[in-house]
Structures are given as structure tokens and as C-alpha cells.
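The values are calculated or read from the model by the stated rules, or taken from the named source; none is laboratory data. All values derive from a computational prediction rather than experimental measurement. Heads up, the Cβs are rebuilt from the backbone with ideal geometry, glycines too, and the neighbour counts pull from every protein chain shown.
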Amino acid sequence: MKVDFSKLNLQYLIQVRDLARQAPEHVTALVGLPPHLTERLARLTAEDLTRFVQIRLPLLVPRWESWWWERLLQAVQSGREAEVEAVLAHTGLLATE
């Protein structure tokens, strides 16, 4: 089976690049990039990003452990929004107000 992740890769990298420009510390946690690579990612131009379309293999891989995914999937399937927020808060990516 041939699966083409190129469009997903591009959309993902655009979002991550934009986040790297606004809150680089979140990209470090989300993607696992060290700060110097997060800075490079933030400097990518639109032209640079279009070159990623040539990559058809997935560039993103689920990073959280299986227990985290199990808890998230259970919360989503049961419609428990508070539990979803609690699971996501574990990532350290949710902004606290």
C-alpha cells in the first residue's frame, strides 16, 4: 500500500513553523526539537516549506506513551471534555489562563 503523507507533512510543518515563531518553547515540547533547531524551523520560508512536499513518508510520529493515548481515546470516545483537557494538560502544551 502506498500512502502519501506529503500534504499532511506540509500542513503540519506550516503550523509548527508558525508556533515556533510565536512560542518556541511549545515546539520544543511538542516536536522534541532542541532550541537551535526550533529557531531554524521558525526561519523557514514558504518556498522552503514547499520543498517538503517531495517527502511522501510521514514526518510526524506519535510521541506520547501508549497509556497516554489510551486515556485520551477513552476520554474522546466517552465525550468527557474535562478528561480530554486533563490528558492534554499532561503534555505541558495547554496555555493556563
Residue list for the range 58-78, restricted to those being acidic (Asp, Glu) and closer than 26 Å to residue 11 by Cβ: 65
Residues of the range 34-48 satisfying the condition of being in contact with a helix residue (DSSP H, G or I) (Cβ under 6 Å, 6 or more places away or on another chain) and among the hydrophobic types (A, V, I, L, M, F, W, C): 41, 42, 44
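With the requirement that a residue be within 13 Å of residue 5 (Cα to Cα) and in contact with a Ser or Thr (Cβ under 7 Å, 6 or more places away or on another chain), what does the range 38-53 give you? Break it down stepwise before answering.
Filtering the range 38-53 down to residues within 13 Å of residue 5 (Cα to Cα) leaves 52-53.
53, the sole residue that qualifies.
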Scope the range 1-50; condition among the basic types (Lys, Arg) and either touching a Leu at 6+ places or on another chain (Cβ under 7 Å) or modelled with pLDDT under 90 (or both); matching residues: 2, 17
Restricting the range 81-97 to residues that are surrounded by fewer than 10 Cβ atoms within 10 Å (Cβ to Cβ) and under 27 Å from residue 14 (Cα atoms), the residue that is modelled with the highest pLDDT: 95
Complete set of residues in the range 34-47 that are surrounded by 13 or more Cβ atoms within 10 Å (Cβ to Cβ) and touching a Pro at 6+ places or on another chain (Cβ under 9 Å): 38, 39, 41, 42
Residue 78, sole failed condition from (1) surrounded by 15 or more Cβ atoms within 10 Å (Cβ to Cβ); (2) not assigned by TED's automatic domain parsing to the domain that holds residue 12: (1)
Of the criteria (1) more than 30 Å from residue 3 (Cβ to Cβ); (2) out of contact with any helix residue (DSSP H, G or I) (no Cβ under 7 Å at 6 or more places or on another chain), which one residue 18 fails: (1)
